[in-house]
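Remarks on the structure that follows.
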Amino acid sequence: MPSVLLFVFLLQLFIHLLNTVGKQSVNDLLWLLFTKLPTPQSKAAADLSTLRNEVVRLNREMKATSAQDDFAKWARLRRQHDKAKDKYDNEARNHQSFRTNFDRAITAARWLGTQGLQFGANAWYSKQPMFWIPQGWVPYHIEWVLSFPRAPLGSISINVWAIACASVIKMIVEGVMALWTLRTGVVKEGPRRGERVQMEGMGGVGVKKEL
Amino acid sequence: MADDSEMEASLKPILDQTSLKWVFVGGKGGVGKTTTSCSLAVQMAKVRKSVLLISTDPAHNLSDAFGMKFGKDARPVEGVPGLAAMEIDPNGSINDLIAAGGDDAQDAMQGLGGVGNMFQDMAFSIPGVDEAMSFAEVLKQVKGMEYELIIFDTAPTGHTLRFLQFPTVMEKALEKLSALSQQFGGMINNLVNARGGLPNGQSFEDVLARMEDLRNTIGDVNKQFKNPDLTTFVPVLIPEFLSLYETERMIQELGGYEIDTHAMVVNQLLFPKKDNPCEQCNSRRKMQKKYLEQIDDLYGEDFHVVKMPLLVEEVRGVPAITSFSEMLVKPFDAPE
């Protein structure tokens, strides 16, 4: 069943890419797209930023007015400012709560589209062999593991195939990253991201021995 | 004196507002709240059948102002027919309520053991409940007394606002207590009875019933306070920055509590004569003028701004207050 094989592989690739990009980045990206669409929320977001500007403007104006010399003006500004601030806080809270719900929905959808899909496929194709391995290649207990949990003995089950795909993708990506890091001489991820690679005796491109 | 174009510069409209039942007088310490509230009370007593003046300021000044001793019970003010005054301490305690004034309130709580402590902790963990309780008691007392008008001489600004917030705080607290007692009432009752009951032969139900009663009073009063026909707040201020600032803040907060305010008293105005050699007076007058202009600008449209002069003598005793109070009604003519 080459289509299932391919499907599982692509799914694992997709999961890996999503994890690499990061859940938060995905949420942020989708949120950005969502607020660009003509939804009520995009309007609210625009309103919110106008309101924020208004609060900031009033605050600046209030600071520029001397309360001692110009109390009436100052007090009026303050009333306006307090009113605008209240409104802003209120709307920001509403907005934030909508965002939380949005994030939750996206998280659920993402799970369904990745892990959920994999689980479903695992259940659906659990009894089907992905492909057969030649008889006698591996001893019985290995065959048993490879067909775990329910595929016929001597075949590769979908679960094992998914794990294999994930491992291979991970290894390949790591290998590519390592190669790239070595080529450029700059660390690509982790806490030391952006620093130069420090290695003794390696004359990679851009690697300069520092003493 | 520049007169307001829109609003009358006296408290006459407040005197004429016959539907009023509660008047609060408040402001920063030292601006003349007590003098103003006493004066207002004296004027009110002329147009109303019975007026009660209550001081909730812990530093009781009513006795001082009228030159006679007032206490926890309403006492008529000599020389002013129809006016009674009392001084209450807002720092009462919930224990008083639970023990109904008995000395062994603490013992009662101890007697309840862990539950009693929990009860106490809970009651005290709600801010303002302690004072709210005693305030509520006073309100209940006052409601039963059938005065036509009640004037509160409130404590300085911070206290005032807390005081006005009490009905809300109180309602929330009592709601919690009732809900809790409905859930655990039986259990607490068992515990209490196992220990031989509360002192003074009270039952737990009685305490709860009293609380419920109090809650109803509070709810009722709360509604009344928010009704501009029944209640108004008169801020007293002096034309100086801090006082003005606090007043503005207070007015905004009162708006938040939906308490009406449409008259203010600007106190301690200096009116030095034109050829006055006193430099200090003249420069202070200049400063006051600046703030007066600001006050007129900011509040002139919505408020009766009453301007009161600073007198040379202290306003103490019934005659002094009575003559001073005239100026609340008839705007003071500044000697030029």
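Residues in the stretch B:249-261 that are touching a strand residue (DSSP E or B) at 6+ places or on another chain (Cβ under 9 Å) and free of Cβ contacts under 8 Å to residues at least 60 places away in the same chain: 3 in all. When the test is whether a residue is assigned by TED's automatic domain parsing to the domain that holds residue A:45 and over 21 Å from residue A:14 (Cβ atoms), residue A:119 does not pass it.
Here's the yes/no breakdown for (1) touching a Phe, Trp or Tyr at 6+ places or on another chain (Cβ under 9 Å); (2) among the polar types (S, T, N, Q); (3) over 25 Å from residue A:9 (Cβ atoms); (4) modelled with pLDDT of 85 or more:
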| residue | (1), (2), (3), (4) |
| --- | --- |
| A:160 | yes, no, no, yes |
| A:174 | no, no, no, yes |
| A:178 | no, no, no, yes |
| A:199 | no, no, yes, no |
| A:202 | no, no, yes, no |
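When restricted to residues that are farther than 29 Å from residue B:287 by Cα and either within 14 Å of another protein chain (Cβ to nearest Cβ) or not acidic (Asp, Glu) (or both), the stretch B:204-259 contains 26.
Residues in the stretch B:286-315 that are more than 14 Å from chain A (Cβ to nearest Cβ), crowded, with 16+ Cβ neighbours inside 10 Å and of a type outside the set (Val, Ile, Thr): B:304, B:307, B:308, B:309. Scanning the stretch A:141-190 for residues that are assigned to a loop (DSSP other than H, G, I, E, B) and within 24 Å of residue A:123 (Cα to Cα) returns A:147, A:148, A:149, A:150, A:151, A:152, A:153, A:154, A:156, A:157.
Assess whether residue A:85 counts as being among the basic types (Lys, Arg), touching a residue at least 12 places away in the same chain (Cβ under 8 Å) and within 14 Å of chain B (Cβ to nearest Cβ). In short, yes.
Let me confirm something: among A:121, A:92, which residue is modelled with pLDDT of 90 or more, buried (at least 16 other Cβ atoms within 10 Å of the Cβ) and in a helix (DSSP H, G or I)?
Numbers: A:92 fails: buried (at least 16 other Cβ atoms within 10 Å of the Cβ).
A:121 is the lone residue from the list that is modelled with pLDDT of 90 or more, buried (at least 16 other Cβ atoms within 10 Å of the Cβ) and in a helix (DSSP H, G or I).
Residue A:169 satisfies every condition listed in (1) at pLDDT below 85; (2) within 22 Å of the chain's Cα centre (by Cα) except (1).
Looking across A:36, A:63, one residue alone is more than 14 Å from chain B (Cβ to nearest Cβ), within 33 Å of the chain's Cα centre (by Cα) and at negative phi. It is A:36. Residues of the stretch B:307-336 that are β-branched (Val, Ile, Thr) and either out of contact with any Ser or Thr (no Cβ under 7 Å at 6 or more places or on another chain) or modelled with pLDDT of 90 or more (or both): B:312, B:318, B:321, B:322. Taking the stretch B:42-60 as the range and being surrounded by 15 or more Cβ atoms within 10 Å (Cβ to Cβ) and under 13 Å from the mean Cα position of the chain (by Cα) as the test, the residues that pass are B:52, B:53, B:54, B:55, B:56, B:57, B:60.
The values are calculated or read from the model by the stated rules, or taken from the named source; none is laboratory data. No experiment lies behind these values; they were computed from the predicted model shown. Note that each Cβ is placed from the backbone with ideal geometry, even for glycine, and that neighbours are counted across all protein chains shown.
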